[in-house]
Each structure stands twice: as structure tokens, then as C-alpha cells.
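Structure first, then comments.
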Amino acid sequence: MAKILKLNAISPLADEIFAKYEYTENCDKPDGIMVRSAAMADYKVNDNLLAVARAGAGTNNIPCADYAEKGIVVFNTPGANANAVKELVICELFLGGRKITEAIDWAKTLKGEGENVAKLVEKGKSKFVGCEIAGKTLGVIGLGAIGVSVANAAAALGMNVVGFDPYLSTPNAVALTSDAKLVSTRDEIYKVADFITLHVPLTAETKGLINKDTITKMKDGVVIINNSRGELAETEDIIAALESGKVERYITDFPNDKIIGVKNAICVPHLGASTPEAEDYCAVMAARQLTDYIENGNIKNSVNYPAVSMPRESKSRLCVLHKNIKEILSKILALVSSQGINVDNMQDASKGEYAYLICELDGVPSKDSVEKIKKIDGVIRLRLI
């Protein structure tokens, strides 16, 4: 029985998917791990560990590159929490356009005024006048599942949507509303956007994406929404822009000590995917991907290995995680054919310096030949299913 370690609280909908596994919060030498926010950099992996499934889109808490080198596949669940995050962003657009949070706080001060409350409300409400979002321009930086959902919803609310994503996939391009305008640089968004929302992963390229230089290129009074990662924005530069009025509002789902309490900064305590529905969707998707890999060797939605999957149709299946180097496939296939075994079907794909091979075989290779394949230069991990 395969073992699955649960490092965080995971929706109970995953329990049924793991019914035939040992699925616990404490297990020795797991074959797979289900995780949400637990920091895994210091987690001591064992030789049995095949894969880690993150019930969410971001994988900054997982050392994906190190795991790739060890032949440990890391899965995420893109799109599973897209609706939850989209709804929060739409809420934040309204908060950015109108002084709703300040108005609510002020209204609380009227407690105890009795019959004077109505008069005080009418007298004081002018301090909280804001703008409507209809007719305003929203710049969406990053058009993955969440960015596309936000763009489509904003367009339906009457906003002019401008989007940027140099890695826009074909499915997301198809899903994006025809009302959205695609641009080739972020600067084109900075010039025209009244609101900017970030939907990109944290990488060396995107860290500090919002800084004093990029803010200078933006319209005066811009509202910036950051529900992706706090490090995408330079906090000191955001604070300076808020104080000068260059940035009207900064709304983030990733508060830090410096930004909390700053005037016109709205700090949300990482609520983007904090809905029961999103947690259910993420858990089910992660669990299914993990079990499909353990049982069938199929990879879908991995962040450190390519997507390769096929239906099981033959006597055995050879699954090889390997380096993306020349002649490695011919060496593997030569050892398979030397056993008098035919390849019924095969797929191999690469992702950067790593690749993955699945071979459907009409026979079962000997232990000796399997060991020889493992010793081929560039083979990271081999499984015979």
C-alpha cells in the first residue's frame, strides 16, 4: 500500500481518492505528499518519495528545482482556485475605486448617536466619495487561469481591459474575452491603466516588478492590486508613491509589517483562495494528479517536469525521468529492444533541462535490463509499472 503524507489540512474530499492508500499526517517514508503552505525546503526527502502535490497554484514553498534533480515530480493545481481569487479581485476593484473601508470604519464611530445617526451620515458621507469602475481601464499583467477570469469579469462590468502575458497559452488565449486588448509590453499597460492587477508567479524576472521606475510610468492616481506575491512590489517604493498621491490605492493579499497601517494601503490577510469551494477543487485536483502519477506514471500540471500522459493499454509501462540530452532515448530503446520487447506506444517531452519518457511495452523487461537503463548517463529515475 502506497503512503501519502498530508502536511497541511486538506479538504476531506481528498480522502475518498486516497481510500486505498495510507493517507495520514504522520507516515514514515511517504510515496507522495499533499501540501498547501508548509515550507518544504528543510523537509528531508526519502528515496521512496515520487511526487509532491500542491493544493494550489503557487509553489514557492517547494524547492522544485532540487526535487527535479532528485526525480521528484511537483504538481500544482492551476485554475482550481481561479474563481475564488477572481471574486476577491473584483471586490478589490470596488474597494480601490471607492473609499468603502474608510467609510465603514467611520460609520462605526457613530455608535451611540441615537437619532442623530441619519443626519450625521448625510453630513459626513461626502468625505468618502469615490469613482465607478465602469468605463475605467484595467491592466491585467499575467493571463493565466486567474488573470483571464479577472479580465473577463471586469469586461462584463464595463471596464476597458488591457492584458499582457508573453507566455499566453493557446487555451487561455481562446478563453480570453474578445473585448480585451493584448499588448506586447508592460509599459503599454502602465501608460493607460487606471487599475493594475498582478497575476504572475514570483521569479527572478518578476521580483520587484512594481518599483519606483515602473510607478513613474503609470498614470497619476493609479490603483494597484497585488494578489499574487508580496515580493512582486517594492514596499518602500509603494509607500512613497502612496504618500505622494502617485498611487491612489495599493491593495494586497500579502501584507507585511511595513505596509500595514499605511494610509491608502488596504491589506487583506491572504484570503484569495480561502473559500471552501476553492479548497475542495484544489484538493481533488491535486489528489487525482498524484494518484494518476503513482499508479500510471502520467504527469499533468507539473511545474518541474513536462506533461506526458497516455492511457494504459499494454502489459507494462516504462517511465523514465531523464535529462534533456542527445541520444538518451536511443540508448533506452536499444536496451528495451534487446529483450525482444516491442514498444506499443511512447511519448517523450522536455521542459528545460529535464524530460520524461513513457513507453508502453508488449512485454516485461528483466530486472537486469532495468538496472542497465538506470545506469545510462542522464537517467534520473526509472519506474516499471
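Distance between the C-alpha centres of the stretch 1-76 and the stretch 298-338: 22 Å, rounded to the whole angstrom. In percent, rounded to a whole number, the relative contact order of the chain is 15, using alpha-carbon pairs under 8 Å and six or more apart.
Model label sites at K372 and A103, defined 7 Å from Cα along the beta-carbon direction, differ in position by 7.7 nm. Note on surface exposure: F75, F254 rank F254, F75 by accessible area, highest first, 1.4 Å probe. Once the convex hull of all Cα atoms in the stretch 1-146 is built, its volume per residue stands at 191 Å³. Each residue of the stretch 6-18 is assigned a 3J(HN,Hα), and the resulting list reads 9, 8, 9, 5, 10, 3, x, 5, 6, 4, 5, 5, 9 Hz, derived from the Karplus form 6.51 cos²θ - 1.76 cosθ + 1.60 (θ = phi - 60°), x at Gly and Pro. Gain on full extension, evaluated as 0.36 nm per residue between N8 and Q339 minus their Cα-Cα distance, stands at 114.7 nm.
Under the definition of Cα pairs under 8 Å and six or more residues apart, what whole-number percent is the relative contact order of the stretch 319-385? Once divided by the residue count of the stretch 319-385, the mean separation gives 47 percent.
Would you calculate a helix-derived [θ] at 222 nm for the chain, using -39,500 (n - 2.57) for each DSSP H run of n ≥ 4 and dividing by the full residue count, to the nearest 500? Roughly -9000 deg cm²/dmol at 222 nm, from the helical runs in the chain. Modelled spin-label separation between C267 and L157, with each label point placed 7 Å from Cα along the Cα-to-Cβ direction: 2.4 nm.
Seen from G56, the other residues with C-beta closer than 10 Å to its C-beta sum to a net charge of +1, counting Lys and Arg as +1 and Asp and Glu as -1. Non-local lysine pairs in the stretch 229-385, meaning eight or more places apart or on different chains, with alpha-carbon distances under 14 Å, amount to 10. Sites listed here are trypsin sites (Lys or Arg not before Pro) in the stretch 7-55 whose DSSP assignment is loop and whose Cβ has at most 13 other Cβ atoms within 10 Å: K20, K44. The value of relative contact order for the stretch 72-182, using C-alpha pairs under 8 Å at least six residues apart, is 26 percent. Heavy-atom accessible area, probed at 1.4 angstrom with all protein chains present, ranks M1, M285, M159 as M1, M285, M159, highest first. In a DSSP loop and with at most 13 other Cβ atoms within 10 Å, the GluC sites (Glu not before Pro) in the stretch 12-94 are E25. Here the gap between E113 and V45, fully extended at 0.36 nm per residue and compared with their Cα-Cα distance, gives a gain of 18.3 nm.
Toward the positive end of the charge dipole of the chain, with +1 on the Cβ of Lys and Arg and -1 on the Cβ of Asp and Glu, the farthest Cα among G272, T206, F254 is that of T206.
Expressed in units of 2.2 N^0.38 Å, where N is the residue count, the Cα radius of gyration of the stretch 207-344 is 1.73.
The packing ranking, built from the mean of other Cβ atoms within 10 Å per residue, places the peptides 104-112, 313-321, 190-198 in the order 190-198, 313-321, 104-112, highest first. Reported to the nearest whole Å, the Cα centre-to-centre distance from the stretch 214-276 to the stretch 165-184 is 25.
The listed residues H270, H322, H199 rank as H270, H199, H322 when sorted by accessible area, largest first, using a 1.4 Å probe.
The values are calculated or read from the model by the stated rules, or taken from the named source; none is laboratory data. All figures in this text were calculated on a predicted structure; none of them were measured in a lab. FYI the Cβ positions are ideal-geometry reconstructions off the backbone, even for glycines, and counts take in every protein chain you see. Surface areas here come from the heavy atoms of the whole protein model, side chains and all, with no ligands, DNA or RNA. Shrake-Rupley method; radii C 1.70, N 1.55, O 1.52, S 1.80 Å.
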